[in-house]
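Notes for the one structure printed next.
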Amino acid sequence: MTVTAKWLQHIEVLQHSGLSQAEYCAQQQINVRTFTARLSDYRKLPAADSMALIPVQIELPAMAMIIFNHVQGHRLDLPASVSPSWMAELLRCLA
């Protein structure tokens with residue numbers, strides 16, 4: 001059986017309560033056998049912090065461009081990744 005959010009909450013509260021399973025179940029009016037079964041299911045779950053590799057596909061967006069259009073019709077296309085300091089030097093040379 002799946003461990004529902006309700007049972008996860010009970011298990012978590014028990015772990016921090018300092019009570020035994022029997023004491024907790026009596027306090028919460030939960031059937032001890034049912035709680036023990038859910039606790040067993042919980043312990044069979046993979047650890048949340050375990051590492052796993054998952055396949056990933058990366059799709060790169062179209063290359064962003066910086067386009068300079070000169071009044072005389074010249075055009076300069078540069079990738080958006082161009083260094084800002086290089087671009088500043090270029091603009092100083094064109095000025």
So I have [x] 6.5; [y] 13.3; [z] 6.9, and one of them is mean projected area of the Cα convex hull in nm² calculated from this model. Which one is it? [y]
0 to 90° range, to nearest 10: angle between helix 5-17 axis and the chain longest Cα axis: 70
Give me the angle, in degrees from 0 to 90, between the Cα long axis of helix 32-44 and the longest principal axis of the Cα atoms of the chain, rounded to the nearest 10. 30
Suppose accessible area is computed on protein heavy atoms with a 1.4 Å probe; arrange Val32, Val56 from highest to lowest. Val56, Val32
Would you mind checking the tilt of helix 84-94 against the longest principal axis of the Cα atoms of the chain, expressed as 0 to 90 degrees and rounded to 10? 10
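Whenever you get a sec, compute what percent of the accessible area on the chain sits on carbon and sulfur atoms (1.4 Å probe). Please list the in-between numbers first.
Values: 4780 of 8190 Å².
That fraction is 58 percent.
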Relative to the present Cα-Cα distance, how much length would full extension add between Met63 and Lys44 at 0.36 nm per residue of separation? 2.1 nm
Probe 1.4 Å, accessible area per residue of the chain, Å²: 86
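The values are calculated or read from the model by the stated rules, or taken from the named source; none is laboratory data. Owing to the predicted nature of the structure, the values given are computational and were not obtained by experimental measurement. Calculation scope for accessible area: heavy atoms of the full protein, side chains included, ligands and nucleic acids excluded. Shrake-Rupley method; radii C 1.70, N 1.55, O 1.52, S 1.80 Å.
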